[in-house]
Amino acid sequence: RIQEALNKKYEGTHEKVCVNQEDGTFIMCFSDFRRIFNKLFICVNFPPDYIGIRYHGRWTKTETGGLPINGTQKECEDFSNNPQYYLEKENDGTVFISLLQKDGRLTGTKFPFANVVRKACLLVFRTKNKAKVRDLSGLIDKTLIVQRRDLNLELNLPRGEYIIIPSTLKKG
């Protein structure tokens with residue numbers, strides 16, 4: 001009955017519910033849900049006019065510069081080796097940035113999956129002429145440095161040029 005009611009409610013959308021397939025969809029009572037789960041992550045349902053760009057990459061020994069925690073010249077040089085993604089905004093508006101690391105559950109290791117999921121953060125800088133970021137000056141916003149599979153940052157940015165840097169806590 002729940003499946004039928006949900007499918008009627010979401011008829012004509014991509015939200016069809018089918019609990020008999022092996023796609024991870026299931027239905028359970030709320031009291032069981034509260035007893036079994038201790039965390040809930042909610043996905044963002046972007047509006048149809050939202051523009052998305054996806055980049056696939058990886059950190060390598062030479063492209064994992066770490067963070068310049070102490071602000072030394074060497075740390076700043078290393079930091080500039082992190083991957084840097086250029087964003088040019090033609091209008092004022094909201095930007096949603098998401099960093100996903102591999103899912104540690106697929107590796108056969110135990111939580112917190114330290115061999116797969118690194119302590120990381122996202123940093124957003126204002127830039128001009130696609131200039132490479134070499135230190136923390138120009139930093140607009142950042143996430144916390146956490147060991148999580150996904151990091152998200154949603155901000156309102158005015159028209160302009162920006163550099164987005166995903167960074168691990170430590171170099172290498």
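The values are calculated or read from the model by the stated rules, or taken from the named source; none is laboratory data. Just so it is clear, the structure is predicted and the values come from calculations on it, not from any experiment. Every residue, glycine as well, gets a Cβ built from its backbone with ideal geometry; the counts of neighbours run over all protein chains shown. What goes into the accessible areas is simple: the full protein's heavy atoms, side chains included, and nothing from ligands, DNA or RNA. Shrake-Rupley method; radii C 1.70, N 1.55, O 1.52, S 1.80 Å.
When the surface is traced with a 1.4 Å probe over the full set of protein chains, VAL17 keeps roughly 20 Å² accessible. Put a plus charge on the Cβ of each Lys and Arg, a minus charge on the Cβ of each Asp and Glu, and nothing anywhere else: the dipole of the chain about its Cα centre is then about 640 debye.
Per atom type, the chain shows carbon and sulfur on 51% of its accessible surface, probed at 1.4 Å. Here region 23-73 and region 113-171 have alpha carbon centers that stand 14 Å from each other. Among the listed pairs LYS61/LYS132; LYS9/LYS102; LYS110/LYS170, those with a Cα-Cα distance over 28 Å are LYS9/LYS102. Site pair ILE27 and GLU11 shows an inter-label distance of 1.7 nm when each label is modelled 7 Å from Cα along Cα→Cβ.
Accessible area per residue (1.4 Å probe, heavy atoms of protein chains only) ranks GLU22, GLU161, GLU90 as GLU22, GLU90, GLU161, with the largest value leading.
Ordering TYR55, TYR86, TYR10 by accessible surface, largest first, gives TYR55, TYR10, TYR86; the 1.4 Å probe counts only protein heavy atoms, with every chain in place.
Residues PHE96, PHE125, PHE26, PHE113, ordered by accessible area of protein heavy atoms at a 1.4 angstrom probe radius and largest first, appear as PHE26, PHE96, PHE113, PHE125.
Let me check I've understood the local charge: for MET28, count other residues with C-beta under 14 angstrom from its C-beta, Lys and Arg +1, Asp and Glu -1. What total comes out?
Taking every other residue near MET28 into account, the sum is +1.
For region 33-41, 3J(HN,Hα) computed residue by residue from phi via the Karplus equation (6.51, -1.76, 1.60; θ = phi - 60°) reads 4, 5, 6, 8, 9, 10, 9, 9, 10 Hz, glycine and proline entered as x. For the chain, the solvent-accessible area works out to 78 Å² per residue, with a probe of 1.4 Å and every protein chain left in place. Need one word for the chain: rounded, prolate or oblate. Basis is the Cα gyration tensor (sqrt eigenvalues a ≥ b ≥ c); a/c below 1.5 gives rounded, then a/b vs b/c decides. Taking the square roots of the gyration eigenvalues as a ≥ b ≥ c, the chain is oblate. For the chain, the relative contact order is 26 percent, taking Cα pairs closer than 8 Å that sit 6 or more residues apart in sequence and dividing their mean separation by the residue count. If you plug the beta carbon distance of VAL116 and LEU144 into 1/(1 + (r/R0)^6) with R0 = 25 Å, you get a FRET efficiency near 0.80.
How much length is gained if the chain between THR60 and LEU169 is pulled fully straight, taking 0.36 nm per residue apart and subtracting their Cα-Cα distance, in nm to one decimal?
The THR60-LEU169 span can extend by a further 37.9 nm.
Residues whose amide H falls under 5 Å from that of VAL17, counting only those 5 or more places apart or on a different chain, are ASN7, with hydrogens built in the peptide plane.
Taking ARG105, ARG35, ARG148 as the candidate residues, the one with maximal mean-square fluctuation in a Gaussian network model of the chain, Cα springs under 10 Å, is ARG35. Structure remark: mean-square fluctuation, Gaussian network model of the chain, C-alpha springs under 10 Å; the largest value among ASN91, ASN81, ASN38 belongs to ASN38. For region 12-64, what does the alpha-carbon gyration tensor say about shape, rounded, prolate or oblate, given a ≥ b ≥ c as the root eigenvalues, a/c under 1.5 as rounded, and a/b over b/c as prolate? Oblate, because a/c is 1.5 or more while a/b does not exceed b/c.
Shape analysis of region 53-155 places it in the oblate category; the axes a ≥ b ≥ c from the Cα gyration tensor give an a/c of at least 1.5, with a/b not above b/c.
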